[in-house]
Amino acid sequence: MKRKAARPSRAGLPAARIAELREQLLAHDYRYHVLDDPSISDSEYDGLMQQLKQLEAQHPQLITPDSPTQRVGAAPAAAFAEVLHAVPMLSLDNAFSEQDVRDFDRRVHERLKRSEPISYSAEPKLDGLAVSLIYRDGALQRAATRGDGVHGEDVTANVRTIRGVPLVLRGSPPALIEVRGEIFMPLAGFAQMNEQAQQRGEKVFVNPRNAAAGSLRQLDPRITASRPLDIFLYAVGLIEGGAAPEHHTQLLQAFRDWGLKTCPEARAVLGIEGCLAYYRDIGARRDSLPYQIDGVVYKVDSRADQERLGFVSRAPRWALAHKFPAEEASTVLTAIEFQVGRTGALTPVARLQPVFVGGVTVSNATLHNMDEVARKDVRAGDTVVIRRAGDVIPEVVRVVIDAEHAVRAPIRLPDRCPICGSPVEKAEGEAIARCSGGFTCRAQRQEGIRHFASRRAMDIEGLGEKLIEQLVENDLVKSPADIFTLTAAQLAGLERMGEKSAANLHAAIAKSRDTTLPRFLFALGIRDVGEATALALAQHFLTLKALAAATPEQIEQVPDVGPVVAAHVAVFFASKAHAAVIARLRDLGVKWPPLQRRVTAGAKLAGQTWVVTGTLAAMSREQATAALVELGAKVAGSVSKKTAGVVVGADAGSKLKKAQEFAIPVLDEAGFLELLKTP
Ligand code: IVH
């Protein structure tokens, strides 16, 4: 290529030319992504980008992080950092029928004491992943996943690579604005990506949503950059140094003015009839939209009214997701097999002739339990209707009765476990049948170990299902304790394991030895002891020894623990086999230090009494109480002059009034989260 003689004015002022190119690229991005009206061809755009890249290469001191050339900036990360959402990211209540929507609209009228039709914003419910983007002084500062609504993951490096996400905003947005929306993979990009993956003999993604999630959760941003992701923004979180418009529909317009993409199908509609007409219209056009949606969302348009309506538990009262009906398809059920879970529960699973439903090919469906099998009268060879909604496990809805149905053999519960041959037991009045083999059953061992190693339990990174299967199959691991005897050489000998990953896994196992009492308790896999119960037990008994020695009556003293759970806990610790495994774990260096007595002098809220009232969006009241106790506070049920502070959620009543009377400090949810965050 011939090199053009550089014009003197520009050659002398590379900074000015760089600024000019960036501005042009930004304007073209805006036309392309927001207005959907590009004024230059892709190759002309690439030409401008090329020029900018060259100039920046010659003048690296002029590269800024918000330059359009710097989308893939960061090197691969070891893990995603956790972020705390200053304003919790809520979810939506679902409606499945017209009546549900009418009830919603009626409640809005009642609460607002309004008789005229309500103005709503109606939008598709995008089937992707919710994200939060923070722009400070117009520059993208942080992008995070929704996570559990309070804690998300910092995915800034990855989100920067998405072309539809502006690195800098146009116009004059507030000094700090958090915008929220959905990252998704358009259908065309998804199809193309899967086709290429198939040609290369790589794994294909089941649906666009999973593909988007998998692409966003890559530790190497270059991989994310290669995936056809897109974004639509539809909400605000934190705002400082400026205000958002009064109506949601205006907010969406403001987003577009700032260069943020919004869904082109979003519209202002009037009243319930407007909502339902919109639902029918989008429903009819659903299959011709270039992205996947699973319903529509209605939002009260006035933001002042939104504020008035507030939220209950984790969903706003001013918005509703009206879901499309779950997709159904019929196919032939070839057999029913029984899967054995961690607690020995036998789950009947229908093996099916593969059928495409709800965006994926389904070849198995759950039948939950034997009562369900009997109720639906499912038999091998029957034609059945399968339903799949969202990410839910596909299920068998009903049998299409034909002439042969009656002569097919009814399904019987096996007398013996299909895995280990131990007798199967079904307690009177219980729907679930269980293998009585306990840890002698390979399936129970395998599932128990999988649970033990899982992220919320011992968090052994890299010890996934396939590896556990091999470890159990080869008898390298018979109990959770055996995990800690594995050598790097043994791990390297497993299928699909290199030296490097074996060394990494060995290190991850070593690292997991330092755990906490609540995690360890959860990891043990005691029946009905989930994370919350494990935490409550740990906080009450403080040591494993104290818990193991407790009677069922003593265990029942723990908040939210009833007689059934207490019995399961007591039975678990009464077992000699369990005691032996725990002793071995300790001998092998696993540590679950006792929790501290809570009211230690050093704790931030030591000696104080707090009250929690109203509904918090991000956590249950029990969780808020546990968090306060953790900080050394006592938590009382009523406000008195001695109360040090009151945490106030939505719809707080008399306790808030009383706190105001006594001039006791009041923290709203954001303030409370801040308190928990600061050391
Ligand atoms: S608004 C408080 N608008 O649905 C309102 N959400 O079920 C919060 N979603 O986590 C969300 N399309 O991931 C809103 N147009 C839309 C949406 C939408 C999809 C997702 C979002 C949210 C989930 C809640």
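The values are calculated or read from the model by the stated rules, or taken from the named source; none is laboratory data. Bear in mind that the values here come from a model prediction, so they are computed numbers and not experimental data. Cβ sites come from the backbone with ideal geometry, for glycine too, and all protein chains shown count toward neighbours. These area figures cover heavy atoms from the full protein model, side chains too; ligands, DNA and RNA do not enter into them. Shrake-Rupley method; radii C 1.70, N 1.55, O 1.52, S 1.80 Å.
When DSSP assigns beta bridges and you keep just the ones with both residues in the range 588-679, what percent turn out antiparallel, to the nearest 5? Antiparallel bridges make up about 10 percent of those DSSP assigns within the range 588-679.
Once ligands and nucleic acids are excluded and a 1.4 Å probe is used, how much of Glu44 is accessible, expressed in Å² to the nearest 10? Counting only protein heavy atoms, the figure is 100 Å². When the residues Lys511, Lys299, Lys677 are ordered by accessible surface, computed with a 1.4 Å probe over the protein chains alone, the sequence from largest down reads Lys511, Lys677, Lys299. The helix-based estimate of mean residue ellipticity at 222 nm for the chain, built from -39,500 (n - 2.57) per DSSP H run of four or more residues and divided by its residue count, is -10500 deg cm²/dmol to the nearest 500.
Taking the Cα centre of the range 494-553 as reference, the dipole from Cβ charges on Lys and Arg (+1) and Asp and Glu (-1) amounts to some 180 debye. Taken as Cα centroids, the range 13-85 and the range 135-150 sit 20 Å apart, rounded to the nearest whole angstrom.
Model label points for Ala492 and Glu404, set 7 angstrom from Cα along the Cα-to-Cβ axis, are 5.5 nm apart. Within the chain, Cys263, Cys275 have no other Cys Cβ under 4.7 Å of their Cβ and so lack a disulfide-compatible partner by this rule. The residues of the range 326-433 expose, per residue, 51 Å² of accessible area to a 1.4 Å probe.
Pairs to check: Lys466/Lys511; Lys634/Lys658; Lys376/Lys478; Lys299/Lys323; Lys299/Lys657; Lys634/Lys677. Give those whose C-alpha atoms are more than 26 Å from each other in this structure.
On the way: Lys466/Lys511 21 Å; Lys634/Lys658 19 Å; Lys376/Lys478 38 Å; Lys299/Lys323 14 Å; Lys299/Lys657 30 Å; Lys634/Lys677 19 Å.
In this structure, Lys376/Lys478; Lys299/Lys657 exceed 26 Å between Cα atoms.
Rounded to whole numbers, the Karplus 3J(HN,Hα) couplings from phi for the range 128-144 are x, 10, 6, 9, 10, 10, 10, 10, 10, 6, x, 9, 4, 10, 8, 10, 9 Hz, using 6.51 cos²θ - 1.76 cosθ + 1.60 with θ = phi - 60°, and x at Gly and Pro. Here the 3J(HN,Hα) profile of the range 562-575, calculated from phi with Karplus coefficients 6.51, -1.76 and 1.60 at θ = phi - 60°, is x, x, 5, 5, 4, 5, 4, 5, 5, 4, 4, 6, 6, 6 Hz, Gly and Pro shown as x. Projecting the Cα atoms of Tyr291, Met497, His59 onto the charge dipole of the chain, computed from C-beta unit charges around the Cα centre, puts His59 farthest toward the positive end.
Pop out the carbon and sulfur fraction of the accessible area of the chain as a percent, whole number, probe 1.4 Å.
Working: 17790 of 34120 Å².
Roughly 52 percent of what the probe reaches on the chain is carbon or sulfur.
The residues of the range 100-199 present an accessible area of 40 Å² per residue when probed at 1.4 Å with all protein chains retained.
Each residue, Ala77 and Val312, gets one label point 7 Å from its Cα in the Cβ direction; the gap between the two is 3.7 nm. The H on the amide N of Ala652, modeled in the peptide plane, is under 5 Å from the matching H of Thr615, each at least 5 residues off or on a different chain.
Relative contact order for the range 610-660: 53 percent, from Cα pairs under 8 Å spaced at least 6 residues apart, divided by residue count.
Taking all protein chains together and rolling a 1.4 Å probe, Thr161 ends up with roughly 10 Å² accessible.
At most 13 other Cβ atoms within 10 Å and a DSSP loop assignment: could you name the trypsin sites (Lys or Arg not before Pro) in the range 121-206 that fit? Don't skip to the end; give the middle numbers.
Details: sites: Lys125, Arg136, Arg142, Arg146, Arg160, Arg163, Arg170, Arg180, Arg200, Lys203; in loops: Arg146, Arg160, Arg163, Arg170, Arg200, Lys203.
Here the trypsin sites (Lys or Arg not before Pro) that fit, given the DSSP loop and packing criteria, are Arg200, Lys203.
Compared with the direct C-alpha span, the chain from Lys53 to Thr383 gains 112.8 nm at full extension, assuming 0.36 nm per residue.
Could you put Val373, Val236 in order of accessible surface area, largest first, with the 1.4 Å probe and the full protein assembly present? List each step's numbers first, then the result.
Numbers: Val373 5, Val236 30 Å².
Solvent-accessible surface, decreasing: Val236, Val373.
Based on Cα contacts under 8 Å between residues 6+ apart, the range 467-593 shows a relative contact order of 27 percent. For the range 410-417, the Karplus equation 6.51 cos²θ - 1.76 cosθ + 1.60, evaluated at θ = phi - 60°, returns couplings of x, 7, 10, 5, x, 6, 10, 4 Hz by residue, with Gly and Pro reported as x.
Got a sec? What order do Thr156, Thr224 fall in by accessible area at 1.4 Å, biggest, i.e. largest, first? Could you put the intermediate results ahead of the total?
Details: Thr156 25, Thr224 0 Å².
Putting Thr156, Thr224 in descending order of accessible area: Thr156, Thr224.
Placing +1 on the Cβ of every Lys and Arg and -1 on the Cβ of every Asp and Glu, with nothing else charged, gives the range 337-413 a dipole about its Cα centre of roughly 80 debye.
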